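Below is one structure; the comments refer to it alone.
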Amino acid sequence: MDISSILQGGYQHPLSRSWQGRRQLTKSMFMYPIFITDDPDASVEIPSLPGQRRWGVNKLEGFLGPLVQKGLKSVILFGVPLTCEKDHRGTPADDPNGPVIQAISTLRRLFPSLYIAVDVCLCEYTSHGHCGVLHEDGTINTEPSVERLAEVAVNYAKAGAHCVAPSDMMDGRVKAIKTALIRSGLGNKCTLMSYAAKFASSLYGPFRDAAGSAPSFGDRKCYQLPPSARGLARRAIQRDTAEGADIIMVKPALPYLDIIADAAQLTPDHPIACYQVSGEFAMIHAGAKAGVYVLRTMAFESVEGMVRAGATLILSYFTPDFLDWLDEA
Ligand SMILES: NCc1[nH]cc(CCC(=O)O)c1CC(=O)O
Ligand SMILES: [Zn+2]
Ligand SMILES: [Zn+2]
C-alpha cells in the first residue's frame, strides 16, 4: 500500500473525525500532555510547571478518572525514564516494561473512550539527550535515526496508541513512520500527527526539566527550525503532508500564530494542531502571579488566538482548567 492511498489513519476514531472540521472552542479540541515515569507509584510535582506532575502507571486512574468525567477526550504521553539505562539509540523508548508502553495499555483498559496519542522521540531515552542517533562527531545520523523512530512508533501503535506524534524533527521520519505503520497493518488504525513546524525555542525549558531531556552537549538548532524561518516552516508543512502526516502541528503556539495561519492555508484539508508549550504555560502563570492579568482571561485569550489563526486541536497544560472553564463559560 502506498502512502498516498491512506486516508483512514486520520479518521479511525470518533475524536479524530471531529478534528476534520470545526472552529469554535470545545473540550474536544484540547489534548492534555502527561509525563509518565517509571516508578509506578510516583506522583511528583514539577516545580517549573504549576500544577503538573510526573505520574506512575498506578496513579493514572486516580489522576485522570475525574478529568475524563469532566469531559477530557485526549492525552499525549511523554515518557520520563529515571532508573533505566539510557544508550546511544534510545533503547528504553519502546521497552515493553517501560513507562510509555505500560501506560498505553493501562489507559486503554481504564478509559476505553480516551484518545491516546504518544510523543515519539529519542531525547528522553538517549545517553546524549539528542532526538536522533548520532555520528561519532556528534552530528545527526539521519538514516538510522528515522529507522529507529519508525520502530518505536510502530511499537506504540501495536501497544494501542490511537496516534503517534514524532517530535524529533529528523528529515524523512514521517514517511518512514507511515510506511512502517502500513507494513505492520496499522496504516488505517493509527493517526500520524507530525510536529511539522517545530522551532528551536527558549520556551521548552520547563519541559526539559520535567522530562530530563536536555541535550548533554550542543543544542537542537541543526534539526529544529530557526525562529525567523517562515519559509522553512512552510516547506516542512508541505513535505510532511506529502509524506503522509494526518495532522500538522505548529510548536510553540503563541509566538508562531502566522505559521499556524500558513499551515491552515497550505494544508486546508488537514486538521491543524498547535502546542502551547511548557514555557508558554509557565509564562502565563508567572504573569498572572505578577498581577499583569487574570490567569483565566489570559489563558482564554491565548487559545482563542490560536483558533482564530486556524488551529483545530490544541495541546495544552491548561486542559484540566479549560474542562472547568468551558462549563462555566
Ligand atoms: N522532542 C522533545 C520535546 N517534545 C516536546 C517538547 C516540548 C514540550 C513543551 O515544552 O511543553 C520537547 C522539547 C524539546 O524539543 O527539547
Ligand atoms: Zn526529542
Ligand atoms: Zn518529544
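The values are calculated or read from the model by the stated rules, or taken from the named source; none is laboratory data. Predicted, not measured: the structure shown is a model, and the values here were computed from it. Note that each Cβ is placed from the backbone with ideal geometry, even for glycine, and that neighbours are counted across all protein chains shown. In case anyone asks, the SASA skips ligands and DNA or RNA and just uses the protein heavy atoms, side chains included. Shrake-Rupley method; radii C 1.70, N 1.55, O 1.52, S 1.80 Å.
Tell me, yes or no, whether segment 188-198 has at least one residue that is more than 16 Å from ligand 3 (Cβ to nearest atom), hydrophobic (A, V, I, L, M, F, W, C) and not in a loop (DSSP other than H, G, I, E, B).
The first filter runs over segment 188-198 and keeps only residues more than 16 Å from ligand 3 (Cβ to nearest atom), leaving 188-191.
Within this subset, residues satisfying the condition of being hydrophobic (A, V, I, L, M, F, W, C) are 190.
Applying the additional criterion that residues be not in a loop (DSSP other than H, G, I, E, B) yields none.
Checked against the condition, which is being more than 16 Å from ligand 3 (Cβ to nearest atom), hydrophobic (A, V, I, L, M, F, W, C) and not in a loop (DSSP other than H, G, I, E, B), segment 188-198 yields no hits at all.
Among all positions in segment 158-177, there is no residue which is at pLDDT below 95, open to solvent by 30 Å² or more (accessible area, probe 1.4 Å) and under 21 Å from P33 (Cα atoms).
Considering only segment 202-244, state which residues are small (G, A, S) and open to solvent by 30 Å² or more (accessible area, probe 1.4 Å). The answer is S202, G205, G212, A214, S216, G218, S228, G231, A242. Whether a residue is within 14 Å of ligand 1 (Cβ to nearest atom) and either in contact with a His (Cβ under 7 Å, 6 or more places away or on another chain) or not basic (K, R) (or both) was assessed, and G231 does not pass this test.
Within segment 95-134, count every residue that is part of a loop (DSSP other than H, G, I, E, B), open to solvent by 50 Å² or more (accessible area, probe 1.4 Å) and either in contact with a Ser or Thr (Cβ under 7 Å, 6 or more places away or on another chain) or farther than 23 Å from R208 by Cβ (or both).
Taking segment 95-134 first, the residues part of a loop (DSSP other than H, G, I, E, B) are 95-98, 111-114, 121-125, 127-133.
From the residues that got through so far, the ones that are open to solvent by 50 Å² or more (accessible area, probe 1.4 Å) too are 95-97, 112-113, 127.
Within this subset, residues satisfying the condition of being either in contact with a Ser or Thr (Cβ under 7 Å, 6 or more places away or on another chain) or farther than 23 Å from R208 by Cβ (or both) are 96-97, 112-113.
Residues that pass the stated criteria total 4.
Report yes if E301 is among the charged types (D, E, K, R) and either under 19 Å from Q52 (Cβ atoms) or in contact with a strand residue (DSSP E or B) (Cβ under 7 Å, 6 or more places away or on another chain) (or both), otherwise no. When the stated conditions are applied, E301 does not pass them. Only one of the numbered conditions (1) surrounded by fewer than 24 Cβ atoms within 10 Å (Cβ to Cβ); (2) farther than 20 Å from R108 by Cα; (3) of a type outside the set (S, T, N, Q) is violated by G185, and that is (2). Of all residue pairs spaced 6 or more apart or on separate chains, those with beta-carbon atoms under 9 Å, a first member in segment 60-80 that is at pLDDT 95 or above and a second member that is open to solvent by 60 Å² or more (accessible area, probe 1.4 Å) and assigned to a loop (DSSP other than H, G, I, E, B) are V68/S113; K73/S113. Scanning segment 60-94 for residues that are open to solvent by less than 10 Å² (accessible area, probe 1.4 Å) and among the hydroxyl-bearing types (S, T, Y) yields a count of 1. Looking across segment 1-39, the residues that are over 20 Å from the mean Cα position of the chain (by Cα) and either under 20 Å from M193 (Cα atoms) or crowded, with 16+ Cβ neighbours inside 10 Å (or both) come down to M1, D2, I3, S4, S5, I6, L7, Q8, G21, R22, R23, D39.
Return yes when D209 is acidic (D, E) and within 15 Å of ligand 3 (Cβ to nearest atom) and no when it is not.
yes
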